[in-house]
Amino acid sequence: MEKEYHKLVRDRIPEIIRQSGNECEVVILSEAEYRQALRQKLIEEAGEAAEADEEDLVAELADLYEVIDAVMVSFGISGDRLLDEQRKRREARGGFAQKIMLLRTKSLK
């Protein structure tokens, strides 16, 4: 039985598939294709983390973090730069500690 994926996978996945006695076909992406695939992978992994139960949440967050790391490397973003931007945004807009859910706004103009 053949199954189509057309998605970015971790480096060892083809090896793992072959070791399990199956075949797979892969291509190596250009940098532009890779960056686009990483953005799609962010969406995929964020969705999986959002849907994960408590038991699987840490593993799903680890997968998401792995993709974030790859995006940072691909775009030349340092960890210090990211943390600095996070700090600036937290100072300007706050974090999520107060558990606020915005229900609606109303224009007064």
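The values are calculated or read from the model by the stated rules, or taken from the named source; none is laboratory data. What you are looking at is a predicted structure, and each value in this text was computed from that prediction instead of being measured. Cβ: placed from backbone, ideal geometry, glycine included. Neighbour counts: every protein chain shown. These area figures cover heavy atoms from the full protein model, side chains too; ligands, DNA and RNA do not enter into them. Shrake-Rupley method; radii C 1.70, N 1.55, O 1.52, S 1.80 Å.
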**Message:** If I model a spin label at residue 20 and residue 96 as a point 7 Å from the Cα along the Cα→Cβ vector, what separation in nanometres do I get?
**Reply:** 3.1 nm
**Request:** Please say if region 1-67 is rounded, prolate or oblate, where rounded means a/c under 1.5 for a ≥ b ≥ c the square roots of the C-alpha gyration tensor eigenvalues, and otherwise the choice is prolate for a/b larger than b/c and oblate otherwise?
**Result:** oblate
**Complete:** Reduced to Cα centres, the span from region 15-36 to region 38-69 in Å works out to 20 Å
**Asked** Which longest uninterrupted range of the chain lacks any GluC sites (Glu not before Pro) assigned by DSSP to a loop state (not H, G, I, E or B) and surrounded by at most 15 other Cβ atoms within 10 Å?
**Response** 26-109
**Request:** Report the trypsin sites (Lys or Arg not before Pro) located in region 1-108 that are in a DSSP loop and have at most 15 other Cβ atoms inside 10 Å of their Cβ, or state none.
**Result:** 3, 7, 10, 12, 99, 104, 106
**Request:** Let me have the relative contact order for the chain, percent, based on Cα pairs under 8 Å that are six or more residues apart.
**Result:** 18 percent
**Fill in**
Using alpha-carbon coordinates alone, the radius of gyration and Dmax of region 16-107 in Å work out to 18.0, 62
**Prompt:** Hey, if you put +1 on the Cβ of every Lys and Arg and -1 on every Asp and Glu Cβ in the chain, which of 9, 96, 43 ends up farthest toward the positive end of that dipole?
**Reply:** 96
**Complete:** Any chymotrypsin sites (Phe, Trp or Tyr not before Pro) in region 26-109 that lie in a DSSP loop and have at most 12 other Cβ atoms within 10 Å would be 96
**Request:** Let me know the charge dipole size of the chain about its Cα centre in debye, to the nearest 20, where only the beta-carbon of Lys, Arg (+1) and Asp, Glu (-1) is charged.
**Result:** 1160 debye
**Item:** Per-residue HN-Hα couplings for region 98-108 [Karplus 6.51, -1.76, 1.60; θ = phi - 60°; Hz; x = Gly/Pro]
**Value:** 8, 6, 7, 10, 6, 8, 6, 10, 9, 6, 9
**Efficiency of FRET from Cβ geometry, residue 107 and residue 34, R₀ 41 Å, rounded to 0.05** = 0.45
**Prompt:** For residue 74, what is the net charge nearby, where nearby means another residue's Cβ is under 9 Å from its Cβ and Lys, Arg count +1, Asp, Glu -1?
**Reply:** 0
**Prompt:** Of the heavy-atom accessible surface of region 42-88 (probe 1.4 angstrom), what whole percent is carbon and sulfur?
**Reply:** 57 percent
